[in-house]
Each structure stands twice: as C-alpha cells, then as structure tokens.
Amino acid sequence: MTWSPDPGMTARQAERELQRVVADFENRVLKGASLPTKCTLEEFCAAYLEQTKPVLSPTTYRNYERIISRQIIPSMGFLKLSDIRPRHVQEFVNALRAEKKRTRSGVMSEEGLSPGSIRKSFAVLQSVLARASR
C-alpha cells in the first residue's frame with residue numbers, strides 16, 4: 001500500500017493521518033481483506049520471486065523459478081488467490097504424483113515424480129501461499 005500526505009498538511013497532521021491509515025490497513029489485513037480479489041496465483045508468483053530473489057541462493061532461486069513455471073503455474077496459476085482452497089492444493093499434489101518424467105535418455109517414464117520432488121514442489125507452493133496470506 002502506498003500513501004502520500006496532502007500537500008497542504010503540516011508535519012503533525014500528516015503524522016496523525018499516517019497513523020490512522022496504518023491502523024486501518026492493519027485491521028483490513030487481520031480480517032483478510034487486504035488480498036487483491038482479482039490477483040491470480042500466477043501474478044502473485046512473479047511478485048514472490050522478485051521479493052525472495054535477494055534472500056535465496058542463486059541455485060535455490062533457479063529451482064523455485066523452475067518449479068513455479070513448470071508445475072505451479074500450469075496447474076493453479078489461473079486461480080485467484082482468494083479462491084484457493086485446500087482441495088486445490090491436494091489436486092496439485094495428486095497431479096504431481098501422476099506426472100510423467102523424462103529419464104536421462106529422454107524417454108518418458110511410466111512412474112510419477114519421486115516423493116522428494118513432490119515434497120520440494122509442495123514446499124515451494126506452501127512458501128508462496130504463506131507469503132500471500134501475510
């Protein structure tokens with residue numbers, strides 16, 4: 001959220017108004033009203049990657065970016081943040097279990113992703129959704 005004082009306000013008036021705006025914003029956040037109702041998971045993921053890039057190692061960032069672009073966005077990117085429910089997350093995990101993977105020779109394997117790969121993808125989704133709820 002961005003707020004700018006009116007040009008005619010004194011410093012004291014601006015400080016009071018700022019405190020009022022902050023209190024109002026905090027109340028809306030606590031009530032869950034701060035989530036943009038039209039923001040999709042795909043749109044939020046772009047902001048998430050931008051925010052987390054400075055605190056992640058380059059390798060971790062590339063892994064997050066790959067998981068988000070190859071798995072999360074194709075499965076759930078179209079959903080609005082405010083519409084995501086536990087069943088959507090479970091459907092995502094189920095889709096990962098059924099997803100075919102390429103072997104080193106380039107052939108599609110009959111088995112789904114490994115439990116470790118599924119856990120990593122789920123952890124990235126959890127991190128994105130936790131940031132969105134904050």
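Net charge near Arg20: determine it from the other residues with C-beta under 15 Å of the C-beta of Arg20, scoring Lys and Arg +1 and Asp and Glu -1. Neighbourhood net charge equals -2. Leu56 sits with roughly 40 Å² accessible to a 1.4 Å probe, with DNA, RNA and ligands left out of the calculation. Largest accessible area first, the listed residues Phe122, Phe44 line up as Phe122, Phe44 when surface is computed with a 1.4 Å probe on the assembled protein chains.
For the set Lys53, Lys120, the ranking by accessible area, highest first and with no ligand, DNA or RNA atoms included, is Lys120, Lys53 under a 1.4 Å probe. 3J(HN,Hα) along the range 63-73: 5, 4, 4, 5, 5, 5, 6, 8, 10, 5, 5 Hz, from the Karplus curve 6.51 cos²θ - 1.76 cosθ + 1.60 with θ = phi - 60°, whole Hz, x for Gly and Pro.
The values are calculated or read from the model by the stated rules, or taken from the named source; none is laboratory data. Here the structure is a predicted model, which means the values were calculated and not measured. A quick note on method: Cβ atoms are made from the backbone with ideal geometry, for glycine too, and the neighbour counts reach across all protein chains shown. The accessibility values were calculated without ligands, DNA or RNA, using every heavy atom of the protein model including side chains. Shrake-Rupley method; radii C 1.70, N 1.55, O 1.52, S 1.80 Å.
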